[in-house]
Amino acid sequence: MLLRPALPVALTSTLPLFSPLATVRRRSSVAAIGMAGVSAAPPAASQIGSFLSKKPYAPPSWASHLSLAPSHIFSLGQFPTPIHKWNLPNLPEGTEVWIKRDDLSGMQLSGNKVRKLEFLLSDAVAQGADCVITVGGIQSNHCRATTVAAKYLNLDCYLILRTSKLLVDKDPGLVGNLLVERLLGAHIDLVSKEEYGKIGSVALAELLKKRLLEEGRKPYVIPVGGSNSLGTWGYVEAVREIEQQIQLSGDVQFDDIVVACGSGGTIAGLALGSKLSSLKAKVHAFSVCDDPQYFYDYVQGLIDGLQSGLNSHDIVTIEDAKGLGYAMNTTEELKFVKDIATATGIVLDPVYSGKGVYGMLKDMSNNPAKWKGRKVLFVHTGGLLGLYDKVDQLSSLAGSWRRMDLEESLPRKDGTGKMF
């Protein structure tokens with residue numbers, strides 16, 4: 001897909017919230033949407049000790065009828081995450097794409113999984129757990145986020161990671177998410193993709209739970225991606241956040257929300273929240289594993305668990321964007337990730353958001369009338385560390401370098417300090 005940089009947005013007297021100066025001038029309890037004409041508000045600092053604290057939770061009024069709403073959650077993320085305009089190239093006529101930066105929800109603990117873990121780990125602590133178990137791929141963002149969050153709350157973390165048959169008996173290394181997990185002392189059990197497919201994530205977690213119980217531990221199982229009905233509340237709450245950002249900004253309303261889908265919880269929460277709230281945006285999901293019907297069924301189970309009374313087919317559109325398969329990329333997809341970064345400054349992960357944006361822009365190119373004149377919000381779900389697993393494939397695509405050409409007669413002039 002050929003990418004040509006879009007023309008820059010004209011500068012106005014109103015600063016986008018995403019600029020550092022505007023952040024200082026307009027920081028409040030809810031961040032305004034970038035480029036919105038909002039009067040300056042006095043700075044509001046978060047209370048010392050509020051991060052990682054347990055706080056009361058009350059659902060949005062429009063979601064108060066749903067089941068499983070907890071009384072408390074842990075504050076694990078840096079919220080609200082900003083929304084700003086994203087000047088993607090080659091959009092249909094009149095189409096605007098904005099981006100919600102859930103990749104900025106933290107550093108070690110970043111991405112969409114944080115929102116789910118605020119609810120899930122609160123339940124784990126409430127049940128008296130001393131450790132958590134979860135399952136994922138060898139470069140699972142969810143497993144890394146769970147490890148970090150668990151350690152923050154003084155819980156041990158046990159990970160069951162899926163890898164290839166050729167590597168299952170070898171040291172998994174220290175690349176990407178694995179580096180963080182192993183630095184934090186996660187207990188890692190490897191299984192092959194074939195074993196995973198035969199036994200399933202639920203049975204694998206139950207097996208490990210049984211063994212830990214026999215050792216006198218108190219384990220709490222978190223499903224793949226944190227995607228169960230309780231975890232879905234994380235993105236129901238995210239819709240409230242978006243709703244408040246829109247209300248604060250006043251002049252932005254989104255027609256569509258687009259997001260990558262890997263386990264189902266994020267799209268379930270977004271779709272349910274958008275339907276019930278004032279947002280009323282159409283939710284489009286691009287699946288990076290399994291097929292759309294699998295996710296329609298899975299999302300149905302999640303929202304049934306909340307007793308929503310809704311049909312998944314009525315609240316979300318799911319399209320296949322897995323390409324070669326989960327966590328597998330073509331050279332074209334990786335070049336796309338590189339070109340988007342070069343053109344816009346936004347780095348997409350190759351497993352989730354990279355495929356999501358690739359699928360979205362491909363659909364916009366094939367069906368421009370469908371998207372013409374619409375305001376689209378893309379939710380960036382993080383996953384930057386996954387890029388490190390693609391270094392070999394990206395090496396031929398990355399930016400160039402050269403040795404600096406120095407003039408022989410160039411006189412010495414020191415700066416602020418000597419480096420050697």
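The values are calculated or read from the model by the stated rules, or taken from the named source; none is laboratory data. Keep in mind it's a predicted model, so treat the numbers as computed, not measured. Cβ atoms come from the backbone with ideal geometry, glycine included; neighbour counts cover every protein chain shown. For the accessible areas, the whole protein counts, side chains as well, though only heavy atoms, and no ligand, DNA or RNA atoms are used. Shrake-Rupley method; radii C 1.70, N 1.55, O 1.52, S 1.80 Å.
Six or more apart or on different chains, Cβ atoms under 6 Å: show the pairs whose first residue is in segment 370-399 and aliphatic (A, V, I, L, M) and whose second is open to solvent by 50 Å² or more (accessible area, probe 1.4 Å) and not in a loop (DSSP other than H, G, I, E, B).
397/335; 397/338
Kindly indicate the residue of segment 370-420 that is among the hydroxyl-bearing types (Ser, Thr, Tyr) and assigned to a loop (DSSP other than H, G, I, E, B) and also surrounded by the most Cβ atoms within 10 Å (Cβ to Cβ) among those meeting that condition.
Of all residues in segment 370-420, those among the hydroxyl-bearing types (Ser, Thr, Tyr) come to 381, 388, 395-396, 400, 409, 416.
Checking which are assigned to a loop (DSSP other than H, G, I, E, B) leaves us with 381, 395-396, 400, 409, 416.
Working: 381: 26, 395: 8, 396: 9, 400: 4, 409: 5, 416: 4.
Across segment 370-420, the extreme among qualifying residues is 381.
Within segment 289-299, take every residue that is open to solvent by less than 40 Å² (accessible area, probe 1.4 Å) and over 19 Å from the mean Cα position of the chain (by Cα) and give me the one that is farthest from residue 264 (Cα to Cα). Step through it out loud before you land on a result.
Let us first name the residues in segment 289-299 that are open to solvent by less than 40 Å² (accessible area, probe 1.4 Å), namely 289, 292, 295-296, 299.
Keeping just the survivors that are over 19 Å from the mean Cα position of the chain (by Cα) gives 292, 296.
Details: 292: 10, 296: 9 Å.
Only one residue fits best here, namely 292.
What do you reckon, is residue 164 open to solvent by 30 Å² or more (accessible area, probe 1.4 Å) and among the small types (Gly, Ala, Ser)? Steps first, please.
Values: open to solvent by 30 Å² or more (accessible area, probe 1.4 Å): yes; among the small types (Gly, Ala, Ser): yes.
Judged against the criteria, residue 164 is a match.
Of the residues that sit in segment 342-361 and are over 20 Å from residue 254 (Cα atoms) and more than 17 Å from the chain's Cα centre (by Cα), which one is surrounded by the most Cβ atoms within 10 Å (Cβ to Cβ)?
The qualifying residue surrounded by the most Cβ atoms within 10 Å (Cβ to Cβ) is 344.
Considering (1) part of a helix (DSSP H, G or I); (2) over 30 Å from residue 130 (Cα atoms), say which one residue 235 fails and leave the rest.
(2)
Quick one: count up the residues across segment 196-229 that are out of contact with any strand residue (DSSP E or B) (no Cβ under 6 Å at 6 or more places or on another chain), open to solvent by 40 Å² or more (accessible area, probe 1.4 Å), in contact (Cβ under 8 Å) with a residue 12 or more places away in the chain and within 20 Å of residue 325 (Cα to Cα).
0
Filter segment 392-417 down to residues that are modelled with pLDDT of 85 or more and small (Gly, Ala, Ser), then give me how many there are.
Residues in segment 392-417 being modelled with pLDDT of 85 or more and small (Gly, Ala, Ser): 4 in total.
Being buried (at least 16 other Cβ atoms within 10 Å of the Cβ), acidic (Asp, Glu) and outside any strand (DSSP E or B) is the filter here; which residues of segment 55-108 pass it?
102, 103
Is there any pair with a first residue in segment 349-363 that is within 13 Å of residue 329 (Cβ to Cβ) and free of Cβ contacts under 8 Å to residues at least 60 places away in the same chain and a second that is part of a helix (DSSP H, G or I) and basic (Lys, Arg) whose Cβ atoms are under 8 Å apart and which are 6 or more apart or on different chains, and what are they?
Hits for this filter: 350/390.
One line per residue, one yes/no per condition, for (1) of a type in the set (Val, Ile, Thr); (2) within 25 Å of residue 243 (Cα to Cα); (3) open to solvent by less than 70 Å² (accessible area, probe 1.4 Å):
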{"site": "286", "(1), (2), (3)": "no, yes, yes"}
{"site": "302", "(1), (2), (3)": "no, yes, yes"}
{"site": "309", "(1), (2), (3)": "no, yes, no"}
{"site": "314", "(1), (2), (3)": "no, yes, no"}
{"site": "319", "(1), (2), (3)": "no, no, yes"}
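In segment 210-232, what residues are in a helix (DSSP H, G or I) and either in contact with a Ser or Thr (Cβ under 9 Å, 6 or more places away or on another chain) or under 21 Å from residue 72 (Cα atoms) (or both)? Steps first, answer last, please.
Of the residues in segment 210-232, the ones in a helix (DSSP H, G or I) are 210-214, 224-226, 229-232.
224, 225, 226, 229, 230, 231, 232 - these are the residues of segment 210-232 that are in a helix (DSSP H, G or I) and either in contact with a Ser or Thr (Cβ under 9 Å, 6 or more places away or on another chain) or under 21 Å from residue 72 (Cα atoms) (or both).
Here is a list of conditions, (1) among the small types (Gly, Ala, Ser); (2) surrounded by fewer than 18 Cβ atoms within 10 Å (Cβ to Cβ); (3) touching a strand residue (DSSP E or B) at 6+ places or on another chain (Cβ under 9 Å), and residue 173 meets all of them except one; can you say which number that is?
Of everything listed in (1) among the small types (Gly, Ala, Ser); (2) surrounded by fewer than 18 Cβ atoms within 10 Å (Cβ to Cβ); (3) touching a strand residue (DSSP E or B) at 6+ places or on another chain (Cβ under 9 Å), residue 173 misses just condition (3).
Would you be able to tell me the number of residues in segment 253-278 that are touching an Asp or Glu at 6+ places or on another chain (Cβ under 9 Å) and surrounded by fewer than 21 Cβ atoms within 10 Å (Cβ to Cβ)?
Looking only at that region, the number is 3.
With the structure loaded, tell me whether residue 151 is of a type in the set (D, E, K, R), open to solvent by 50 Å² or more (accessible area, probe 1.4 Å) and closer than 24 Å to residue 383 by Cα or whether it fails that test. Give the steps one after another, and end with the answer.
Numbers: of a type in the set (D, E, K, R): yes; open to solvent by 50 Å² or more (accessible area, probe 1.4 Å): yes; closer than 24 Å to residue 383 by Cα: yes.
Answer is yes for this residue.
Keeping to segment 329-338, report how many residues are within 22 Å of the chain's Cα centre (by Cα) and surrounded by fewer than 16 Cβ atoms within 10 Å (Cβ to Cβ). Spell out the reasoning first.
Residues of segment 329-338 within 22 Å of the chain's Cα centre (by Cα): 329-330, 333-338.
Going one step further and asking which of them are surrounded by fewer than 16 Cβ atoms within 10 Å (Cβ to Cβ), we end up with 330.
Count: 1.
Checking residue 326 against (1) hydroxyl-bearing (Ser, Thr, Tyr); (2) crowded, with 21+ Cβ neighbours inside 10 Å; (3) touching a residue at least 60 places away in the same chain (Cβ under 8 Å); (4) under 25 Å from residue 193 (Cβ atoms), only one condition comes out false. Which one?
Result: residue 326 passes all but (2).
Taking the options 252, 236, 283, name whichever one is at negative phi and at pLDDT below 95. Even if it seems obvious, please write down each step before you answer.
Numbers: 236 fails: at pLDDT below 95; 283 fails: at pLDDT below 95.
Answer to the check: 252.
Using the structure shown, decide if residue 333 is touching a Phe, Trp or Tyr at 6+ places or on another chain (Cβ under 9 Å), in a strand (DSSP E or B) and not β-branched (Val, Ile, Thr).
On the way: touching a Phe, Trp or Tyr at 6+ places or on another chain (Cβ under 9 Å): yes; in a strand (DSSP E or B): no; not β-branched (Val, Ile, Thr): yes.
When the stated conditions are applied, residue 333 does not pass them.
Taking segment 238-259 on its own, how many of its residues are part of a helix (DSSP H, G or I) and among the charged types (D, E, K, R)?
Just the residues of segment 238-259 that are part of a helix (DSSP H, G or I), to begin with: 238-249.
When the remaining residues are screened for being among the charged types (D, E, K, R), the result is 240-241, 243.
Adding up the residues that qualify gives 3.
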